[in-house]
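Below is one structure, written out as structure tokens, with a few remarks after it.
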Amino acid sequence: MSLRLRRALALSLLIFSGAVVRGQDGKDQQEQASPSTTGSQSPEIKAGQPPAKTEETPEAKRQRRGREQAIDHRDIESTGIEVGRPKIYDDSLLQQMLTAAEAKLLSLQLLDQSGIAGHLGAVTGATQSISSFGLSVQGPTLPQVATTNNGATNSTVTGQGNTTTTGATTGTSSTNSSQNTANAPVTNVTTTAPQTAPPSVTAPAPSTSLPSTFSVSASDLLNEQMQLTYEIANLRLLLEGSLNDWTIGTTKVVKPRVTLGFPITISPGKPSKDATAVVEIEIEKDPETKPPTDEIPALITLLPREKTYNVAKITDSSFAISAGIATQVVSVAGAYGRSKKTYYLVKDLDTIALTFQPQDPKRIGFMWQFRPVLGQRYVRAGLKQTFVQIAFPSNWSNSNFGNVHIRTYWKYFDRKEGYAKNVRRDSLRDDKQSWPIPNYSLEQVPKEFDYKSLQDLGNGQILVTVAGRFLGGTYVRVGGNFLRDGSTAFSSDYQQIRFLATVADLATKQVALVARDGTETPLLFKNAAYPAPLTKPDVTFTPVDDSNIQITAAFSTIPAIHDHVPLLAIVGGKVYGYADAPIQRDGNKLTFVVPTATLLASPTITIKSLFAPDSYWKAAEFAATPYPLGSQPPKLALLERTDDSLKYVLYGTGLKGAVILSPSGAVLSPLPKDSGDSLRVITLTKDQAKADKQLVFITDKGLRFALPFPSVDTPDVNKYSLKPLKPVVVGDDEVVFQGDGLSGLQKVLFNGAELKLRKQADGKMIWLKGLRAAGVTAEARKQSLDFVFKAGKTTVSLTISPIS
């Protein structure tokens with residue numbers, strides 16, 4: 001719409017809004033406001049009647065017309081191409097999408113052996129030539145004779161003075177006296193010469209046909225598949241990028257990449273008919289780029305590279321001519337015709353991306369062209385969103401990577417040939433402002449996160465709620481555990497992230513919010529004013545029972561912040577301070593109960609709070625160790641057994657100064673030449689061993705232990721069944737005994753003298769020698785032999801028989 005037309009339309013609307021009415025005198029009168037509408041009170045509105053319109057003041061009318069002119073001026077000044085401020089996008093997201101596209105390209109396998117083999121011997125083409133001729137010659141035709149029946153006979157009389165004709169219906173007479181009478185003919189004979197026309201002629205139809213199926217040859221199919229394979233490799237290399245686009249010079253420093261988006265608004269007008277809209281972009285690196293280098297930014301990817309439409313183009317041309325001649329002698333006719341049809345698909349380019357070298361060698365340049373398509377004379381109006389990925393030769397820590405310069409213009413478009421020609425006059429616009437490319441950090445900062453964000457679910461489970469708006473793909477790392485979309489313990493909502501973790505993991509491992517590019521933000525309580533680190537408390541240990549010990553940590557002072565952020569205790573990976581393992585807080589004292597075995601295995605005690613800064617964590621960690629790291633709970637084992645006593649060994653850590661509580665009277669004694677505190681010996685009588693089932697003692701650190709005595713089978717030496725293998729007679733020097741448990745036999749005595757003893761390996765047979773010299777077989781009588789075992793002594797009666 002032209003400016004003149006728009007102004008006329010605005011004037012007509014203004015006249016209409018003036019509420020012009022015609023008076024009774026036939027003249028146009030401006031409707032005047034009634035007094036009720038100009039006063040301070042609201043006008044009276046009757047039911048069923050619309051409210052009266054207020055008249056627009058001259059000042060309001062002037063302002064409105066000024067706004068209308070401003071809109072018209074804006075449209076006149078605009079060339080129809082507007083480019084908004086370049087927007088910075090998350091390059092990691094684009095890189096992930098390109099990597100996924102490359103993976104899909106990798107999965108395409110186009111070389112098909114069965115398909116190639118199936119095209120062996122295929123008919124790839126055919127040629128058919130047909131010639132036909134038709135001629136028609138026709139001679140002159142014979143005349144046609146037609147006979148007409150006239151019906152009843154008439155007579156005609158002819159005279160000098162009169163003529164008389166008689167018939168069935170009419171008659172005439174005259175006064176002449178002389179006459180001649182003749183009869184009319186009964187039939188008429190007519191001879192007709194027909195019109196001569198050229199004959200028709202048709203060329204004979206072909207009697208053969210071409211094959212119905214065609215296919216490319218196997219070698220051509222292989223070449224086509226190889227071409228597609230090379231094209232896929234080409235696309236994969238483009239998606240991967242070159243090495244000089246990845247790294248700075250010969251160094252191995254990876255260049256930071258930035259994805260820029262350009263919102264382009266196209267609003268074509270009459271001057272842009274049959275024209276292409278062009279948007280040129282030039283990018284240069286920031287002058288303060290570090291490290292200094294002569295490299296310029298590298299263009300990685302343009303999106304879109306092109307946007308096309310598949311258009312069917314049909315060409316149909318026909319030609320026909322015919323001629324004929326006819327004479328009195330012969331007629332000749334002939335006909336000739338030709339037709340041609342072409343059908344093929346072409347690409348109609350709507351958007352195309354191109355690169356160019358700017359005049360400034362330190363810049364890179366690229367452009368997008370937006371063309372009219374599908375037979376239209378104008379570029380389609382609307383918002384076009386384009387993207388570009390640029391690699392900058394700079395450090396990742398630079399605050400600004402470079403600057404963007406924008407230029408727009410129109411170029412005439414040859415619709416028939418499909419290419420852009422020269423620039424349309426007065427359409428060039430250079431954006432005087434250069435747009436910076438800042439380095440945005442993807443650090444994810446919660447909007448709200450404090451002690452109220454934690455919910456104790458019991459059984460050592462904590463539900464954590466992090467309020468805020470986060471980029472898509474943000475996840476949580478708890479130590480080596482990654483919680484993200486799809487995890488059962490993770491939920492990402494519109495205004496918050498929630499995840500479930502154990503108290504032990506939250507207290508002992510680092511927790512961080514991770515953006516999709518890998519940037520980590522430690523998860524800390526917001527607005528928590530942590531004071532100076534906690535001082536080391538005084539720690540005391542009080543036995544609760546035989547397997548648990550009470551630990552009390554007394555601080556000189558506990559900061560007020562811990563009224564809301566509770567202090568926790570960690571012993572051996574177990575966290576104390578929540579529902580499953582509570583801590584009793586009494587002023588500046590923290591009291592909790594720990595299994596004794598846990599404390600001995602991991603004697604380090606750590607007092608800290610959840611989601612505190614690293615500096616506060618490290619300073620708040622300390623060790624209150626009653627025993628060195630790696631200590632083991634004491635154990636009891638049988639060392640030696642005699643006829644009257646049992647000797648046990650007690651081994652462990654911190655036994656120096658330990659006192660036995662039960663059995664009463666028992667004493668822990670160090671081993672000879674052992675000055676340490678890890679081995680002690682206790683000796684019990686047989687009666688004590690039978691009466692007391694466990695050893696109870698307390699260490700000098702206050703730890704109390706109750707250890708059961710190892711079960712010991714104490715055989716009754718009086719129940720040994722010993723008998724000689726054969727009778728013993730007077731004068732024998734050797735006797736053989738058999739029985740059970742003889743492996744524990746230590747010696748055999750006769751009247752206090754020890755006899756020579758030899759035992760069988762299985763402990764079921766022994767040999768005693770020296771009976772004659774000891775006087776055992778001096779006479780026929782019963783002798784008593786003392787068998788001494790480890791468990792005691794037994795007496796065996798041996799009968800000496802006389803010599804038979």
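The values are calculated or read from the model by the stated rules, or taken from the named source; none is laboratory data. Since this is a predicted model, take the numbers as computed values, not measurements. Here the Cβ is made from the backbone with ideal geometry for all residues, glycine too, and neighbour counts use every protein chain on show. Quick note on the areas: whole protein, heavy atoms, side chains included, nothing else; ligands and nucleic acids left out. Shrake-Rupley method; radii C 1.70, N 1.55, O 1.52, S 1.80 Å.
Using a/c under 1.5 as the rounded threshold, could you call the stretch 220-312 rounded, prolate or oblate? The axes a ≥ b ≥ c are square roots of the C-alpha gyration tensor eigenvalues, and prolate needs a/b larger than b/c, oblate otherwise.
Judged from the Cα gyration tensor, the stretch 220-312 comes out oblate (a/c at least 1.5, b/c at or above a/b).
Kirkwood hydrodynamic radius, computed over distinct alpha-carbon pairs, for the stretch 235-369: how many Å, to one decimal?
One decimal place: 21.1 Å for the Kirkwood radius.
With each pseudo-label sitting 7 Å past Cα toward Cβ, what's the Glu448-Lys313 distance in nm, one decimal?
Going by the 7 Å Cα→Cβ label model, 6.4 nm.
For the stretch 373-498, rounded, prolate or oblate, judged on the Cα gyration tensor with a ≥ b ≥ c (square roots of eigenvalues), a/c < 1.5 rounded, else prolate if a/b > b/c?
prolate
So if each residue of separation counts as 0.36 nm, and I subtract the Cα-Cα distance between Ile325 and Asp644, what length gain in nm does that give?
Length difference between fully extended and current span is 99.3 nm.
Give, as a single signed number, the net charge of other residues whose beta carbon lies under 14 Å from the beta carbon of Ala504, with Lys and Arg counted +1 and Asp and Glu -1.
Every neighbour counted, the sum reads 0.
Quick check: residue separation of Ser339 and Arg67 times 0.36 nm, minus the Cα distance between them. What number comes out in nm?
Full-extension gain reported as 91.7 nm.
Using heavy-atom solvent-accessible surface (probe 1.4 Å) with all chains present, what is the largest-first order of Glu306, Glu284?
My answer, sorted largest first, is Glu306, Glu284.
How far apart, in nanometres, would the label points at Asp732 and Lys416 be if each is projected 7 angstrom from Cα along the Cα-to-Cβ direction?
Between Asp732 and Lys416, the label points sit 14.2 nm apart.
Computed FRET efficiency, Cβ-Cβ of Trp246 and Asn223, R0 45 Å: what is it to the nearest 0.05?
The formula returns an efficiency of 0.85 here.
Less than 18 Å from a label point 7 Å out along the Cα-to-Cβ axis of Trp396: which backbone N atoms in the stretch 458-472 qualify, by residue?
Nothing falls inside the zone, counting backbone N under 18 Å.
Ignoring ligands, DNA and RNA, how do Trp396, Trp368 rank by accessible area with a 1.4 Å probe, largest first? Walk me through the numbers on the way to the answer.
On the way: Trp396 150, Trp368 0 Å².
Putting Trp396, Trp368 in descending order of accessible area: Trp396, Trp368.
What length, rounded to one decimal in nm, is gained on full extension from Ser711 through to Asp614, with 0.36 nm per residue of separation minus their alpha-carbon distance?
Contour length minus the Cα-Cα distance gives 29.7 nm.
Could you list which residues have their amide H under 5 Å from that of Ala658, counting only those 5 or more apart in sequence or on another chain, with H placed in the peptide plane?
Here Asp700 satisfy the definition.
How many nm is it between the label spots at Lys635 and Arg305, if each spot is 7 Å from the Cα in line with the beta carbon?
Between Lys635 and Arg305, the simple spin-label model gives 7.0 nm.
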